[in-house]
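K.L.:
Quick one: the structure is below, questions incoming.
The values are calculated or read from the model by the stated rules, or taken from the named source; none is laboratory data. Since this is a predicted model, take the numbers as computed values, not measurements. Every residue, glycine as well, gets a Cβ built from its backbone with ideal geometry; the counts of neighbours run over all protein chains shown.
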Amino acid sequence: MTSTDPHQAADEPAADSAQPARKRRLRILATAATIVVLVVGLLLTYLGTRPDEDPALPPTPAVGNTHPATADGTASSGVRLAANTLSLDPIGVLAPIVDASVIDGVLTPPANVHEVGTWLDGAPLDSATGTTLLAGHVNMTGQGNGALFDLGTMKPGQEIRTSDAAGNTTQWRVTSVVTRAKADGIEESVLAGPDGPRLLAVVTCGGELQYTDGVGSYADNVYLYAAPM
C-alpha cells in the first residue's frame with residue numbers, strides 16, 4: 001500500500017534557511033510514499049509455504065527473553081532493561097530494539113522476529129517530542145512466533161517500557177490498540193516523525209493469512225499507541 005505523510009508541506013520554502021527542514025521532510029515523504037503493504041515493513045511472507053501447511057503458529061510466544069507479568073495483567077517492572085530494549089511487561093516480552101532497514105524505499109522490520117526495528121526518520125527513543133515507531137514481524141516460518149505475536153492482546157491502561165542507547169528507561173501507558181486492514185492504508189499518525197506530542201507506536205501484522213501464488217501475507221496491521229507516564 002502506498003501512503004503519503006499528511007504532515008509534509010507541498011510548497012517550496014521561501015528562504016535558504018528552510019532547506020535542511022525541507023530535505024528531511026522530503027526524505028520522510030519519499031519513504032512513506034513507497035511503503036506498499038509493508039507499512040514500516042509489515043508484509044509477512046512465507047516463501048515456499050503451502051496452504052496445506054500451518055503457518056499460523058500456536059499462540060505461545062517463542063521469544064527468547066521473557067519475564068512474568070503480574071497476576072492482574074499489569075506491568076511487572078522489576079526487571080532492569082538492557083540498553084535499546086522494548087518491554088511489553090503485561091505479556092512478558094523483552095525485545096531488543098535495532099535499526100529497521102530501508103530496502104528500495106521500503107522500511108522493513110528486522111529479519112530476526114524476536115527483535116523490533118525503529119524507524120530512523122521517526123523520533124529517537126531519547127526524544128522529548130514526536131512519535132517513535134517500532135515495527136516487528138508477528139511470526140515467521142523457521143523462527144516461530146515473534147516478539148510482537150501477542151501485541152493485539154494488549155489493552156489501554158497497561159504499562160510498557162523502552163530503554164534508549166544509554167540505558168535510560170521510559171515508562172509508557174497504552175492509550176489504544178487498533179487493527180486496520182492493509183487494504184485501507186496505513187495509520188498515517190505513525191509517520192508523524194520527530195515533531196509533535198511525545199508518543200510511541202508499535203506495529204506488527206495481524207488478521208487473516210492470505211495467499212497469492214503460495215506466498216502468504218497477513219490482511220491487517222495491528223497498531224499499539226502509548227504515551228509517556
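K.L.:
Could you say which residue among 109, 90 is of a type outside the set (Ser, Thr, Tyr) and at pLDDT 95 or above?
P.N.:
The unique qualifying residue is 90.
K.L.:
Please go through the range 98-126 and pick out each residue that is within 11 Å of the chain's Cα centre (by Cα), hydrophobic (A, V, I, L, M, F, W, C) and either farther than 15 Å from residue 84 by Cα or surrounded by fewer than 18 Cβ atoms within 10 Å (Cβ to Cβ) (or both).
P.N.:
The one that is within 11 Å of the chain's Cα centre (by Cα), hydrophobic (A, V, I, L, M, F, W, C) and either farther than 15 Å from residue 84 by Cα or surrounded by fewer than 18 Cβ atoms within 10 Å (Cβ to Cβ) (or both): 107.
K.L.:
Filter the range 170-218 for residues that are without any contact (Cβ under 8 Å) to a residue 60 or more places away in the chain and out of contact with any strand residue (DSSP E or B) (no Cβ under 6 Å at 6 or more places or on another chain); which is nearest to residue 148 (Cα to Cα)?
P.N.:
189
Per-residue answers, yes or no, for (1) assigned to a strand (DSSP E or B); (2) closer than 10 Å to residue 147 by Cα; (3) without any contact (Cβ under 8 Å) to a residue 40 or more places away in the chain:
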{"residue": "83", "(1), (2), (3)": "no, no, no"}
{"residue": "95", "(1), (2), (3)": "yes, yes, no"}
{"residue": "110", "(1), (2), (3)": "no, no, yes"}
{"residue": "117", "(1), (2), (3)": "yes, no, no"}
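K.L.:
Which ones in the range 93-106 are of a type in the set (Val, Ile, Thr) and at pLDDT 95 or above?
P.N.:
Correct list: 93, 97, 98.
K.L.:
Which ones in the range 97-133 are in contact with a Gly (Cβ under 7 Å, 6 or more places away or on another chain), hydrophobic (A, V, I, L, M, F, W, C) and within 23 Å of residue 176 (Cβ to Cβ)?
P.N.:
Within the range 97-133, 100, 107, 116, 123, 133 qualify.
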